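*Asks:* Handing you this structure, nothing more for now.
The values are calculated or read from the model by the stated rules, or taken from the named source; none is laboratory data. All figures in this text were calculated on a predicted structure; none of them were measured in a lab. With ideal geometry, Cβ positions are generated from the backbone for all residues, glycine too; neighbour counts draw on all protein chains shown. Please note that ligands, DNA and RNA were not included when accessible areas were found on the heavy atoms of the full protein model with its side chains. Shrake-Rupley method; radii C 1.70, N 1.55, O 1.52, S 1.80 Å.
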Amino acid sequence: MSQILDEVLAANQQYVQDFGDKGSLPLLPGRRFAILTCMDARLDPAKYAGLAEGDAHVIRNAGGRASDDAIRSLVISYKLLGTREWFVIHHTDCGMQLFTDEIIRGLLNQSLETAVIDETGWQDIGQGLGSAEAQFVDWLTFRDLAESVRVDVQRIRNHPLVPATIPVHGFIYDVKTGQLIEVPEATEAGKVKVAATRVVGK
Ligand SMILES: [Zn+2]
């Protein structure tokens, strides 16, 4: 077994011992909200947003982007599991700002091994064949952090499968302080839309 595997299984054994009555938690998230955020190892949504098991849905991907798959999860979260308020939380110093689609496509075209970054940019040091498959992936990189939060909130707000009644809040998590900083233009974009009046008989 790898050392990491040992450590994970040992930690889990401890968790099981302290599990208490969490086995009786219901499937539906108790506090009825969902967070879409980045997979960055420095972010712990349970801690930065005060979550316990059973409280909320947390959907994570590289960048915390509103990808089709993230929206799939959010729609299930609302439609079948009853959340009624959503957060999009990106963060400072995000790795997604360190490359572009063009860069990662070029790197993967050369080698599948881990690349390194130095003052001249990304370099492939790995051996072996790469793949051109990377050109078919939208890597959802971004330059402007606040803008990426706004764009993602707006995409969710305007998605045909997302009801107008769910508020979507936009925030940036500061990795230096742990603070959540609102992106006002994102939250504005994510406001509940006034329900259109349906005219009976038309
Ligand atoms: Zn990130």
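*Asks:* Can you give the accessible area per residue of the range 1-134, in Å², using a 1.4 Å probe?
*Replies:* Details: 8310 Å² over 134 residues.
Ligands and nucleic acids excluded, the figure is 62 Å² per residue.
*Asks:* Something else now. Report the per residue volume, in Å³, of the convex hull enclosing the C-alpha atoms of the chain.
*Replies:* 182 Å³
*Asks:* Another one. Before anything else, pin down the relative contact order of the chain: Cα pairs under 8 Å, at least 6 apart, normalised by residue count, whole percent.
*Replies:* 18 percent
*Asks:* Could I ask something else about it? For Asp93 and Lys79 in one chain, what is 0.36 nm times their gap in residues minus the Cα-Cα distance, to one decimal in nm?
*Replies:* 1.7 nm
*Asks:* Shifting gears a bit: Per 5 Å bin from zero, what fraction in whole % of the C-alpha pairs of the range 121-202 is there, up to the bin with the longest pair?
*Replies:* Reading the bins upward from 0: 3, 12, 14, 15, 14, 11, 10, 9, 6, 3, 2, 1, 1, 0.
*Asks:* Mind computing the radius of gyration and Dmax over the alpha-carbon atoms of the range 25-116? Å is fine for both.
*Replies:* Expressed in Å, the Cα Rg and Dmax of the range 25-116 come to 15.8, 48.
*Asks:* Is there a quick way to get the dipole size of the range 1-150? I mean about its Cα centre, with the Cβ of Lys and Arg at +1 and of Asp and Glu at -1; what is the value in debye to the nearest 20?
*Replies:* On the way: 13 positive and 22 negative charges, 169 e Å.
Approximately 820 debye in magnitude.
*Asks:* How do the peptides 78-85, 52-59 rank, highest first, by the average count of neighbouring beta carbon atoms within 10 Å per residue?
*Replies:* Those peptides, ordered most packed to least, come out 52-59, 78-85.
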